[in-house]
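The values are calculated or read from the model by the stated rules, or taken from the named source; none is laboratory data. In this text the structure is predicted, and so the values were computed from the model without any measurement. Because the Cβ atoms are built from the backbone with ideal geometry, glycine has one as well, and the counts that use them run over all protein chains shown. Just the protein is used for accessible areas: all its heavy atoms, side chains included, with ligands, DNA and RNA removed. Shrake-Rupley method; radii C 1.70, N 1.55, O 1.52, S 1.80 Å.
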Amino acid sequence: DTEVTQTPKHLVMGMTNKKSLKCEQHMGHRAMYWYKQKAKKPPELMFVYSYEKLSINESVPSRFSPECPNSSLLNLHLHALQPEDSALYLCASSSLGGGISPLHFGNGTRLTVT
Amino acid sequence: GIQVEQSPPDLILQEGANSTLRCNFSDSVNNLQWFHQNPWGQLINLFYIPSGTKQNGRLSATTVATERYSLLYISSSQTTDSGVYFCAVHSINTGTASKLTFGTGTRLQVTL
C-alpha cells in the first residue's frame, strides 16, 4: 500500500474544463512534488514544494497551477488543457530534498484531455 | 545537465532466471535511487543507494559512485517483477537538493 494517496485515479476532461488533482501524505514529509509521465518515458519533474513553499517550477505552462494548502496536502489545478497534456500525473514526497532522501510516489492520476 | 543511461532498454526473462540492470551517469552524484514501475503505473522505491551494496529479498543493488554506475540484480525472477525499472540520481552540481534526474528505464517482461 502506498503512503501517498492521489485522487482521482482517472480523469477525463475537455479543453474548457477546470479540474483539480489531489495528493495527501501523512509521513511528516516536508517536500512534495508533481511529476508528469508520458507513455514509455521517465517521469518529468513539474513542481517542488519545500516546507509548503514553491521551490521549483520547471517552466510549466500556467494552465497547470499547483497549491500546497498545508504540509500534508498538494493540489494541481488544471484549466484549459490541451490534448498533449494527457499523461500520468504522479505526486511524490520526501523527508528532505528528493536528491538526498528517498522519494515516495503515489499511484498517480491518469489524465485524458479530449 | 547530467545524463543517465540505462541498459538494456528491454529485457525478456523466463521465470526463475537472474538478470542485471545497469545505470550509467555522466557526472558525480551524491544520491541514487532505484524504482520499479508496475504495469498499472505505480512507482515503488526499491533502493536508496548512494554507494555500496544493499539487498532486499531477491533484489540487490550496488553503486560505484567513483566509476559512475549502479547495478540492480534480480534473482529468481517472478512474473510480478515485470514492469519498468528506473534509476534516478542527484548530481552534486545541481543547485537544489530536490531535483532527481531519471534514467531512460529498462522494460522487463518475465514470462512463465
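What number comes out for the charge environment of residue A:43, summing +1 per Lys or Arg and -1 per Asp or Glu over other residues with Cβ under 13 Å away? Net local charge, residue A:43 excluded: +3. Annotation for the stretch B:1-46 versus the stretch A:1-57: alpha-carbon center distance of 22 Å.
Ranking A:5, A:26, A:39 by how far each Cα lies toward the positive end of the dipole of chain A (charges on Cβ) leaves A:39 at the top. Projecting the alpha carbon convex hull of the stretch A:46-109 along each direction and taking the average yields 4.7 nm².
In the context of the full protein assembly, residue A:18 retains an accessible surface of approximately 150 Å², using a probe radius of 1.4 Å and ignoring ligands and nucleic acids. Sites listed here are chymotrypsin sites (Phe, Trp or Tyr not before Pro) in the stretch A:43-114 whose DSSP assignment is loop and whose Cβ has at most 10 other Cβ atoms within 10 Å: A:51. Dividing the convex hull volume of the alpha carbon atoms of chain B by its residue count gives 88 Å³ per residue. Remark: relative contact order (chain B) = 37 percent; criterion is Cα-Cα distance under 8 angstrom and separation of 6 or more residues.
A P(r) calculated from all alpha carbon pairs of the stretch A:1-85, with 10 Å bins opening at zero, reads 16, 50, 31, 3 percent. Taken about its Cα centre, the stretch B:11-112 carries a charge dipole of roughly 80 debye when the Cβ of each Lys and Arg holds +1 and the Cβ of each Asp and Glu holds -1. Normalised by 2.2 N^0.38 Å, where N counts its residues, the alpha-carbon radius of gyration of the protein assembly as shown equals 1.01. Under the convention that each Lys and Arg Cβ holds +1 and each Asp and Glu Cβ holds -1, the size of the dipole of the protein assembly as shown around its Cα centre is about 300 debye.
Per-atom-type breakdown for the stretch A:1-69 gives carbon and sulfur 47% of the accessible area (1.4 Å probe, protein chains only). Loop-located chymotrypsin sites (Phe, Trp or Tyr not before Pro) in the stretch B:33-72 (DSSP state other than H, G, I, E, B) with a sparse environment of at most 16 neighbouring Cβ atoms within 10 Å: B:40.
Taking a straight Cα-Cα cut-off under 23 Å and skipping sequence neighbours fewer than 8 places away in the same chain, the lysines within cross-link reach of residue A:40 are A:9, B:99.
Give, as a single signed number, the net charge of other residues whose beta carbon lies under 11 Å from the beta carbon of residue A:108, with Lys and Arg counted +1 and Asp and Glu -1. Spelling it out: positives minus negatives among the neighbours equals +3.
Here's how it looks for residue B:99: its modeled amide H is under 5 Å from those of A:99, which are all 5 or more places away or on a different chain.
Taking the protein assembly as shown, the Cys residues with no second Cys beta-carbon under 4.7 angstrom are A:68.
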